[in-house]
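Below: the structure, in structure tokens.
Please treat every number below as a calculation from the coordinates, not as lab data. Just so we're clear, the structure is a prediction, and the values are computed from it rather than from any experiment. Note that each Cβ is placed from the backbone with ideal geometry, even for glycine, and that neighbours are counted across all protein chains shown.
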Amino acid sequence: MSNQKNIDVRDQVTLSFEKSFRFCRKGISYRLFRSSLTLAVVVVAVAFFTVLVSESLMLRSTSVGVHDEMGRAREADTTLMHLFHRYSSRDLSAKLAGLKDDPAAVAEFAQVAGVSVEMATDLATQCYVEQLFLHFFRTLSPGKRVVLVKKHTGRATFEFLSGTSEWDAFVVDLAKMRSVRLPTPLETLRTFLDNREVFLASLQTVREARDQTVTALEVKLDGLTGDADAAAWLGQASDADVAQWRTIVTASGFDLDPDAMRRIQEVLRVTALENRISKWLQSPQNREAWKVKLQTTPGLETKLLMLKDQKVAALVGDTFSAEERAAVADRFLRVKHLRELVGKLPRVEDTGVAPSRFMDGRQMFLVIISFLVCMVGITNAMLMSITERFREIATMKCLGATDGFILKQFLIEAAIQGVIGGTAGMLIGMIISVVKSWILLGGAVLAHLPGLQMLICAVATVVIGILLAMLASIYPARAAARMAPMDAMRVE
Amino acid sequence: MPFDAKTYATDKEVVVRAVGVQKHFTRGTETVKALRGIDLCIYRGEYVCVMGPSGSGKSTFFNMVGGLDSPTSGRVFMDAVDMAQLNANELAFLRCRKVGYVFQSYNLNSVMTALDNVTLPMVFAGKHSDDARERGMQLLERVGLGERWNHRPKEMSGGQQQRVAIARSLANAPSLLLCDEPTANLDIKTGKEIHHLLDTLNKEDGVTIICATHDYNMLAVCDRIVWIADGNVDRIELSEDLEITKASLGEEHE
């Protein structure tokens with residue numbers, strides 16, 4: 001009696017992907033209702049995820065955009081402050097930390113303070129470390145902070161940690177807190193603490209040197225502007241005067257390019273004009289005129305907003321030209337609009353050391369829960385579908401389908417559902433989030449739409465949809481693959 | 001005349017040989033002995049009916065022969081291959097090429113057309129799709145459904161569906177056709193047509209058929225009848241020994 005396995009399975013075929021795919025497509029289109037349940041689950045989960053992510057992306061991008069615009073609107077103020085402000089040691093550290101990645105700005109600072117670029121760079125790096133740890137200790141939860149550094153805050157923390165026994169205790173406590181991550185390796189902090197005295201001294205030196213330069217600059221400029229405030233003077237000065245003013249400033253080491261100068265001057269002109277108009281509007285005789293014309297005396301802000309109005313034009317027309325009034329009213333409106341937007345937008349942290357968080361813990365939790373629920377839903381729907389199709393699966397196995405083929409077929413089916421559900425969910429989510437943000441912030445959202453990021457988000461969500469569907473189908477697909485072929489004989 | 005395997009088997013080729021096949025199922029603490037040691041040979045070109053009351057182990061024996069289940073002890077050889085030693089993939093291979101199945105409830109894939117259903121086993125066997133279609137059409141014509149190749153199972157009657165199923169089971173020219181009560185869901189007239197079809201396939205094309213049935217009409221066309229009771233082969237009869245067979249055979253051929 002023969003006992004050998006004289007069967008050769010090497011010519012057993014693995015079905016091509018294309019054939020398996022066609023197989024599944026037919027199946028899905030036929031069992032549309034059952035598939036649509038799985039689809040709906042994917043759609044809801046993916047849409048939810050997309051809303052959270054794309055809304056966060058849009059708010060961030062809008063926030064950055066609006067703050068940028070705000071920065072440009074305030075460019076004149078910030079430039080003048082940059083030129084004449086005298087920093088405290090703490091502010092200077094924060095400012096230098098922010099300059100760390102901007103070599104041109106560091107070079108300018110070095111020139112103004114009269115030190116070498118290398119020293120300024122080194123100082124900026126140390127300031128960055130200081131700011132990093134200040135931020136770290138500030139954002140630590142109160143309980144942990146008390147354990148690590150007692151009640152010390154700000155720079156006193158570093159002083160406290162400089163003590164030998166305190167440092168040792170700090171290292172031990174830190175090792176115990178597994179959830180706390182230092183922003184840099186521990187040695188960086190140690191080195192910083194070791195060099196702290198020297199660092200503070202050189203920061204002080206640089207600060208004083210800079211203050212001297214600024215004072216000297218002010219004296220030089222006073223010769224040109226007299227007693228007038230720089231902003232007011234620049235707002236009314238002739239082009240030649242402004243050019244001269246800029247020459248004096250750049251001679252002190254400041255980097256003030258002509259384009260920036262032109263922008264500043266333009267803004268300062270409008271501001272000067274606004275000041276004149278405001279003064280004029282608030283004069284007693286004008287108050288009376290307003291009262292006669294409008295039966296009421298509006299506040300200054302309303303008056304400025306009404307500058308383009310016809311009624312007001314009649315009142316103001318002779319004193320200020322239409323262009324002048326329009327320029328003032330437009331700028332006033334724009335700044336007011338920006339200020340409103342900034343109020344509505346989430347705060348963008350601008351410490352220069354910590355990027356703002358993309359998604360907060362609560363949202364992360366919601367997303368994970370929604371994915372879990374989605375996967376349970378898909379698994380359930382798939383299991384039901386497999387139970388319903390036991391005869392079909394068993395028959396296929398009788399006809400020679402391998403376990404691998406059945407597995408592959410169900411995974412492909414899941415992937416198809418993932419693609420369709422993911423795409424639909426992504427589109428729905430995108431629409432919802434855009435409409436929602438648009439209602440909240442208006443046109444600013446569309447102006448600052450983060451196209452590339454949204455595209456990446458869209459692709460990622462579809463991929464997530466596919467992964468979710470496939471992951472959730474692994475168990476049902478294996479159950480189907482292991483089904484006994486003799487079930488095909490079963491009669492209900 | 002009692003059945004004598006030795007005289008019957010002279011110079012006949014064995015397709016399936018079952019040796020001491022036992023199958024035990026464990027239900028809770030209780031062990032059910034579905035098969036208690038069956039020895040049986042099935043020869044090429046034979047038409048065997050397996051009869052027996054429900055619960056006799058008939059279906060279990062069927063599963064063993066078809067490579068759907070493996071015995072607890074004993075061996076089943078299919079074309080001299082011991083099926084108990086095959087792994088899942090090898091069994092799938094064997095089911096694909098060596099055995100054709102005809103089910104009581106047809107088990108056609110309802111999404112596919114008749115032709116697609118017939119070509120399915122050939123797809124699993126890796127046949128080129130043009131060849132598969134050609135053979136599929138031939139088979140459909142053989143069972144008398146050449147015109148209806150593009151119909152789906154829902155658009156066909158039970159008898160027609162069973163014909164498609166028979167065509168499907170023949171797709172890879174199997175050594176053995178395994179029919180599990182093929183006429184149980186059909187009325188008497190259509191049942192007879194199916195009997196006739198199976199008989200023609202057996203007599204003209206030399207297809208080996210094992211058929212489990214309760215249908216006495218079936219006995220008329222087969223060569224041997226294996227009676228199974230209580231997990232054992234009760235008796236084996238040649239159909240020419242049966243009185244009823246001769247009578248119905250006469251009717252059938254009129």
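Would you mind giving the three semi-axes, in whole Å and largest first, of the ellipsoid equivalent to region A:375-492 according to its Cα gyration tensor?
Computed over region A:375-492, the values are 42, 13, 9 Å.
Once you put a point 7 Å from the Cα of A:VAL147 and another 7 Å from the Cα of A:ASP255, both along the Cβ direction, what distance in nm separates them?
Distance between the two pseudo-spin positions: 4.5 nm.
If you average 1/r over every pair of different alpha-carbon atoms in chain B and take one over that average, what Kirkwood value in Å do you get? Working shown, then result.
Details: mean 1/r = 0.0532 Å⁻¹.
Answer for chain B: a Kirkwood hydrodynamic radius of 18.8 Å.
How long is the gain from A:VAL219 to A:ILE369 if the chain were fully straight, where each residue apart is worth 0.36 nm and the alpha carbon distance is subtracted?
Gain on extension, A:VAL219 to A:ILE369, equals 47.5 nm.
Work out from phi, with θ = phi - 60° and the Karplus expression 6.51 cos²θ - 1.76 cosθ + 1.60, the ³J(HN,Hα) of each residue of region A:37-45, listed in order in whole Hz, and give x for Gly and Pro.
5, 4, 4, 4, 4, 4, 4, 4, 5
Taking the Cα centre of chain A as the origin and placing charges on Cβ (Lys, Arg +1; Asp, Glu -1), which of A:LEU59, A:GLY421, A:GLY443 is farthest toward the positive end of the dipole?
The residue sitting most towards the positive pole is A:GLY421.
Helix A:361-388 versus the longest principal axis of chain A: what is the Cα-based angle in degrees, 0 to 90, to the nearest 10?
It is inclined by approximately 20 degrees.
5 Å is the cut-off here: which amide hydrogens, built 1.01 Å from N in the peptide plane, fall below it relative to B:ASN232, excluding neighbours closer than 5 in sequence?
Residues meeting the amide H criterion: B:ARG36.
In nanometres, what is the gap between the two model label sites at A:SER321 and A:ALA104, each 7 Å from Cα along Cα-to-Cβ?
Rounded to a tenth, the inter-label distance reads 3.4 nm.
Which whole-number percent is the relative contact order of chain A (Cα, under 8 Å, 6+ apart)?
It rounds to 32 percent for chain A.
If each DSSP helix of 4+ residues adds -39,500 (n - 2.57) and the sum is divided by the residues in chain A, what number results at 222 nm, nearest 500 deg cm²/dmol?
-26000 deg cm²/dmol
Among B:LEU219, B:ASN202, B:PHE62, pick out the residue whose Cα is farthest towards the positive end of the charge dipole of region B:5-253, where Lys and Arg carry +1 and Asp and Glu carry -1 on C-beta, about the Cα centre.
B:PHE62
Working from Cα positions, state the angle (0 to 90°, nearest 10) between the long axis of helix A:164-176 and the longest principal axis of chain A.
The helix A:164-176 is inclined about 30 degrees to chain A.
Quantify how strongly other chains surround peptide A:190-201 by giving the mean number of their Cβ atoms within 10 Å of each of its Cβ atoms.
Working: counts 0, 0, 0, 0, 0, 0, 0, 0, 0, 0, 0, 0.
Across the residues of A:190-201, the mean count of other-chain Cβ atoms within 10 Å is 0.
Contact order normalised by length for chain B, with contacts defined as Cα pairs under 8 Å and 6 or more residues apart; what percent is it?
Relative contact order comes out at 26 percent.
Classify region B:1-101: rounded, prolate or oblate, from the alpha-carbon gyration tensor (a ≥ b ≥ c, eigenvalue square roots; a/c under 1.5 rounded; otherwise prolate if a/b is larger than b/c)?
Oblate, since a/c reaches 1.5 and b/c is not below a/b.
Arranged by the count of other C-beta atoms within 10 angstrom, fewest first, what order do B:ASP39, B:ASP116 take?
Ascending Cβ contact count within 10 Å gives the list B:ASP39, B:ASP116.
Can you list residues from other chains, or at least 5 along the same chain, whose modelled amide H is less than 5 Å from the amide H of B:ALA220?
The answer is none.
Convert each backbone phi in region B:217-233 into a coupling constant with the Karplus relation 6.51 cos²θ - 1.76 cosθ + 1.60 (shift: θ = phi - 60°), then list the ³J(HN,Hα) values in order as whole Hz, x for Gly and Pro.
4, 4, 4, 4, 9, 8, 8, 10, 10, 9, 9, 10, 9, 6, x, 10, 6
For a test of the definition: using alpha carbon positions, the gyration tensor, and the 1.5 limit on a/c, classify region B:144-193 as rounded, prolate or oblate.
oblate
Between B:ILE188 and B:GLN138, how high is the FRET efficiency from 1/(1 + (r/R0)^6) when r is the Cβ-Cβ distance and R₀ = 45 Å? Nearest 0.05. Let's see the in-between values first.
Details: r = 29 Å, r/R0 = 0.65.
Calculated value: 0.95.
Taking a threshold of 29 Å on the Cα-Cα distance, which of the pairs B:LYS23/B:LYS192; A:LYS408/B:LYS98; B:LYS12/B:LYS58; B:LYS58/B:LYS189; A:LYS26/B:LYS58 fall above it?
Violating the 29 Å limit, Cα to Cα: B:LYS23/B:LYS192; A:LYS26/B:LYS58.
How high is the FRET efficiency from A:SER238 to A:LYS308, r the C-beta distance, R0 22 Å, rounded to 0.05? Mind dumping the intermediate values first?
Working: r = 28 Å, r/R0 = 1.29.
Efficiency, rounded to the nearest 0.05: 0.20.
Cysteines of chain B lacking any other cysteine beta carbon under 4.7 Å?
Flagged as lacking a Cys partner: B:CYS41, B:CYS96.
Measuring from centroid to centroid over Cα atoms, what is the spacing of region A:134-170 and region A:189-243 in Å?
Centre-to-centre (Cα) distance: 34 Å.
Please give every one of the lysines within straight-line cross-link reach of A:LYS308, meaning a C-alpha to C-alpha distance under 29 Å, and leave out same-chain neighbours fewer than 8 residues apart.
Filter leaves A:LYS279, A:LYS291, A:LYS293, A:LYS336, A:LYS344.
Give me, ordered by chain and number, the residues 5 or more places off B:GLN104 or on other chains with an amide H under 5 Å from its own placed amide H.
Amide H neighbours of B:GLN104: B:ASP180.
Would you order A:CYS24, A:CYS398 from fewest to most other beta-carbon atoms within 10 Å of each residue's own beta-carbon?
Arranged by neighbour count, lowest to highest, A:CYS24, A:CYS398 become A:CYS24, A:CYS398.
At R0 = 22 Å, how high is the FRET efficiency between B:THR200 and B:GLU13 if r is their beta carbon distance? Nearest 0.05 is fine.
Rounded to the nearest 0.05, the efficiency is 0.55.
Return B:TYR47, A:TYR475 ranked ascending by Cβ neighbour count within 10 Å, so the fewest neighbours appear first.
Result, fewest neighbours first: A:TYR475, B:TYR47.
One quarter of the convex hull surface, Cα atoms only: what value does that give for region A:241-344 in nm²? Please report the intermediate quantities before stating the final value.
Details: hull surface 36.4 nm².
Projected area, direction-averaged: 9.1 nm².
Report the full-extension gain for the segment A:VAL198 to A:ILE456: residue separation times 0.36 nm, less the Cα-Cα distance, to one decimal in nm.
Values: separation 258, 0.36 × 258 = 92.88 nm, distance 4.71 nm.
Fully extending the segment from A:VAL198 to A:ILE456 adds 88.2 nm.
Show which lysines lie in cross-link reach of A:LYS151 when reach means a straight Cα distance below 25 angstrom and same-chain residues fewer than eight apart are skipped.
A:LYS176
Which whole-number percent of Cα pairs in the protein assembly as shown have a distance greater than 35 Å? Let's see the in-between values first.
Details: 186613 of 277885 pairs.
Value for the protein assembly as shown (Cα pairs over 35 Å): 67 percent.
Using a basic spin-label model with each label point 7 Å from the Cα along Cα→Cβ, how many nm lie between A:ASP403 and A:ASN380?
Computed distance between label sites A:ASP403 and A:ASN380 equals 2.9 nm.
Can you give the mean number of other chain Cβ atoms that lie within 10 Å of the Cβ atoms in peptide A:104-113?
Values: counts 0, 0, 0, 0, 0, 0, 0, 0, 0, 0.
The shielding value for this peptide is 0.
What angle, in degrees between 0 and 90 and rounded to the nearest 10, separates the Cα long axis of helix A:75-84 from the longest principal axis of the Cα atoms of chain A?
It is inclined by approximately 60 degrees.
Calculate for chain B the 222 nm mean residue ellipticity that helices alone would give, adding -39,500 (n - 2.57) per DSSP H run of length 4 or more and normalising by residue count, nearest 500 deg cm²/dmol.
-11000 deg cm²/dmol
Inside 10 Å of the C-beta atoms of B:92-102, what's the mean count of C-beta atoms belonging to other chains?
Neighbouring Cβ atoms belonging to other protein chains average 5 per residue here.
Kirkwood Rh, region B:83-205, all Cα pairs: how many Å?
Radius from the Kirkwood sum: 14.6 Å.
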